[in-house]
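Visitor: I'd like to ask you about the structure that follows.
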Amino acid sequence: MNSQTTPELIDCQTIDQGVKLTFRLSEQIHYFNGHFPGTPILAGVVQLNWAVEYAKRYLDIAQTDVSAVEVLKFQQVLTPNTEVVLTLTQKDRHKFVFDYSSSVGNHASGRIKLEEPA
């Protein structure tokens, strides 16, 4: 039974206004279970969640809920045993962009807006 919920972090590099995180997507990540049988892929909602969680951990952003996801693009599926780079770039305290890429090209990207105080 698959039990991991996060990818294996291989490398972390600070970049201008952000961070580049290199992960290995183990076949043991439970999100691959049943999505889809025989051809597992990492669901887009999981990719979004990871982008938000790692941004909260590594960027100086507001620790609030997501208010909007903009310019969201999924170009290629992510499959088990892939080494993938998640680039997170902070635009301000309530906004960041993310990009998943690997040796085969771009996988997903988008801009996340966080709730601002009233």
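Every number here is computed from the coordinates shown, using simple stated rules; none is lab data. Computed from a prediction, not measured in an experiment: that's the story for all the values here. Here the Cβ positions follow ideal geometry from the backbone for every residue, glycine too, while neighbour counts run over all protein chains shown.
Visitor: Quote the FRET efficiency, to the nearest 0.05, computed for Gln13 versus Ala43 with a Förster distance R0 of 22 Å and r equal to the Cβ-Cβ distance.
Guide: Values: r = 26 Å, r/R0 = 1.20.
Computed FRET efficiency for Gln13 and Ala43 comes out at 0.25.
Visitor: What is the helix-to-structure angle for 44-58, meaning the angle in degrees between its Cα long axis and the longest Cα principal axis of the chain, kept from 0 to 90 and rounded to the nearest 10?
Guide: Taking the Cα atoms of the chain, the angle to 44-58 is about 50 degrees.
Visitor: Cross-link partners among lysines for Lys113, C-alpha distance below 19 Å, same-chain residues fewer than 8 apart left out?
Guide: Lys56, Lys73, Lys91, Lys95
Visitor: Counting helices only, and only those DSSP H runs with n ≥ 4, report the 222 nm mean residue ellipticity of the chain as the sum of -39,500 (n - 2.57) divided by its residues, in deg cm²/dmol to the nearest 500.
Guide: On the way: 1 runs with 15 residues, N = 118.
Theoretical 222 nm ellipticity from helices: -4000 deg cm²/dmol.
Visitor: Starting from the Cα-Cα distance between Gln4 and Asp92, subtract it from 0.36 nm times their residue separation and give me the gain in nm to one decimal.
Guide: On the way: separation 88, 0.36 × 88 = 31.68 nm, distance 3.16 nm.
Stretched fully, the Gln4-Asp92 segment lengthens by 28.5 nm.
Visitor: Next up: Under a crude label model (7 Å from the Cα following the beta-carbon direction), how far is Asn33 from Val66 in nanometres?
Guide: Here the modelled spin labels are 2.2 nm apart.
Visitor: Also, I was wondering about something else. For the chain, build the convex hull from the C-alpha positions and give me its volume per residue in Å³.
Guide: On the way: hull volume 12.4 nm³, N = 118.
Here the figure is 105 Å³ per residue.
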